Amino acid sequence: MRLALLLYKYFPYGGLQRDFRCFVQELQQRGHQCRVYYISWQGEPLAGADLRRVPAFAISNYRRNERFLRWVQSDLARDPVDGVIGFNKMPGLDVYYAADPCYLDKALTERGWLYRQGARYRHFAAWERAVFEVGNDTDILLISETERAKFEQHYHTQPERLHLLPPGVSPDRRAPPDAPARRKAMRQSLDLEAQELVLLLVGSGFITKGLDRAIHTVAKMREAQPSVKVRLLVVGQDNERQFKRLSKRLDVTDRVTFLGGRDDVADLMLGADLLIHPARAEAAGVVLLEAVVAGLPIVVTDVCGYAHHVVAARAGIVLPAPFSQKQLDRAVMRYIDGVFRADCRSSALLYSEMMDLYSMHSTGADLMVNCIRQKLERADD
């Protein structure tokens with residue numbers, strides 16, 4: 001089949017973007033032709049894919065989105081495909097991969113009345129409704145049971161259109177036999193002391209991931225546990241300026257290291273002592289499962305879709321809503337205890353052996369093809 005895949009922005013270090021790349025590769029392995037529409041692209045191109053850059057520029061995101069869709073629809077009218085797969089919410093999709101949380105739920109629970117009067121809200125709410133509203137025909141691939149419940153609550157989406165995928169951790173994230181040697185090498189490369197407690201925060205979108213909360217915890221630990229040397233490693237592609245200012249104001253500049261986007265996250269997880277993920281919102285959070293299979297203990301907020309895996313694996317501490325900075329501080333201090341860290345590690349590694357945490361992209365590619373094929377058959381009847 002000839003398939004069009006739509007994504008506004010591609011860059012190498014986003015979770016959605018990594019999933020996008022894996023899905024394209026899975027579809028290509030099945031013999032399907034993949035045409036990719038995008039506005040901006042950073043990193044290596046996708047081998048074998050027909051990449052079509054969309055000249056959609058505007059001051060506001062919602063105007064940009066509208067121009068993107070008009071251009072794509074015009075191009076598809078000239079050069080049709082068998083099915084359209086979206087990785088951002090928009091009208092006219094055959095299949096939507098739901099990596100982002102429910103926009104309407106956030107607008108109703110986290111924003112005020114005035115926000116919901118603006119053009120931005122009207123755009124994003126309408127485009128989400130075009131995907132999820134009852135009576136529509138888009139098939140939806142979900143990665144979180146929590147988000148599924150929100151979409152059903154707000155849109156009453158037909159259950160047969162909602163397909164929950166298993167997680168999709170890359171097998172190369174699993175702790176290898178030489179993990180101790182790689183841990184030592186990574187720590188040496190970053191000038192980390194043997195007894196230093198190393199916290200790791202991974203994710204592009206520092207505000208959403210709760211980086212400010214993590215920095216406050218580092219400052220609190222310096223005050224409450226001066227004998228414990230703590231280092232926070234920050235991995236991700238985002239604007240660092242305000243967080244560096246916060247580190248300076250809290251006098252922990254020497255304790256917070258910004259590493260930018262990295263391709264060696266698997267080794268960083270082996271070198272760290274704790275994944276800290278105090279996110280404000282997270283539809284799933286594959287980084288949590290990457291930590292589980294690496295045997296890296298975790299502190300995470302319960303708003304993350306994959307937080308239940310942390311509980312089931314006994315891989316760390318899940319913080320309940322509403323968020324409390326004091327609870328985060330206490331949870332991280334719990335990991336000063338090396339025995340507790342070791343218990344979390346062994347439980348996590350056992351869980352990673354027992355559970356299917358790896359088949360999202362193969363399962364999702366099969367669903368994409370089957371859903372589009374069924375639509376084509378119905379159109380022929």
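For region 171-354, give the magnitude of the charge dipole about the Cα centre (Cβ charges: +1 Lys/Arg, -1 Asp/Glu; no others), in debye to the nearest 20.
Details: 26 positive and 22 negative charges, 99 e Å.
I would put it at about 480 debye.
When the Cα positions of Val54, Val81, Ala130 are compared along the charge dipole of region 53-160, Val54 comes out farthest toward the positive end, with charges on each C-beta of Lys, Arg, Asp and Glu. Over region 171-354, the fraction of Cα-Cα pairs per 10 Å bin, rounded to whole percents and listed from the shortest bin up, is 10, 41, 40, 9, 0.
What fraction, in whole percent, of alpha-carbon pairs in region 256-375 exceed 24 Å separation? Don't skip to the end; give the middle numbers.
Numbers: 2313 of 7140 pairs.
The proportion of pairs with Cα distances above 24 Å equals 32 percent.
The amide H of Leu51, built 1.01 Å from its N in the peptide plane, has Val36 as neighbours under 5 Å, considering only residues 5 or more places off or on other chains.
Are there any GluC sites (Glu not before Pro) in region 157-229 that are in a DSSP loop and have at most 12 other Cβ atoms within 10 Å? List them by number.
Working: sites: Glu160, Glu193, Glu196, Glu223; in loops: Glu193, Glu196.
In loop regions of region 157-229 (DSSP not H, G, I, E or B), the sparsely surrounded GluC sites (Glu not before Pro) are Glu193.
By other beta-carbon atoms within 10 Å, ranking Ile298, Ile372 with the fewest at the front produces Ile372, Ile298.
So what is the relative contact order for the chain, in percent, with contacts set as C-alpha pairs under 8 Å and at least six apart?
Values: 657 pairs, mean separation 58.7, N = 381.
Result for the chain is 15 percent.
For Lys220, which aspartates and glutamates qualify as cross-link partners when the Cα separation must be under 13 Å and same-chain residues fewer than eight apart are set aside? Partners found: Asp212, Asp251, Asp329. Toward the positive end of the charge dipole of region 171-354, with +1 on the Cβ of Lys and Arg and -1 on the Cβ of Asp and Glu, the farthest Cα among Ala284, Leu350, Gln325 is that of Gln325. The loop-placed trypsin sites (Lys or Arg not before Pro) in region 28-67, going by DSSP, that have at most 16 neighbouring Cβ atoms within 10 Å of their Cβ come out as Arg30. Taking a straight line from the alpha carbon of Lys375, these lysines sit under 20 Å away, with near neighbours fewer than eight places off in the same chain left out: Lys89. Computed over the chain, the per-residue total of -39500 (n - 2.57) for DSSP H runs of n ≥ 4 gives a 222 nm mean residue ellipticity of -14000 deg cm²/dmol, rounded to 500. For the chain, a Gaussian network of Cα nodes joined below 10 Å ranks Ala315, Ala99, Ala181 by mean-square fluctuation, and the top entry is Ala181.
Per residue, how much space in cubic angstrom lies within the convex hull of the C-alpha atoms of the chain? Mind showing how you got there, number by number?
Numbers: hull volume 57.2 nm³, N = 381.
It comes to 150 Å³ per residue, whole-number rounded.
The alpha-carbon of Lys184 sits under 20 angstrom from the alpha-carbons of these lysines, leaving out residues fewer than 8 places away in its chain: Lys229.
Which residues make up the longest stretch of the chain clear of chymotrypsin sites (Phe, Trp or Tyr not before Pro) that lie in a DSSP loop with no more than 15 other Cβ atoms within 10 Å, not counting the sites? Could you put the intermediate results ahead of the total?
Numbers: sites that count: Phe57, Trp113.
For chymotrypsin sites (Phe, Trp or Tyr not before Pro) (loop position, at most 15 other Cβ atoms within 10 Å), the longest site-free span of the chain is 114-381.
Only the coordinates and a few stated rules stand behind these numbers; no lab work does. Since the structure is predicted, the reported quantities are computational estimates derived from the model, not experimental observations. Neighbour counts run over all protein chains shown; Cβ positions are idealised from the backbone, glycine included.
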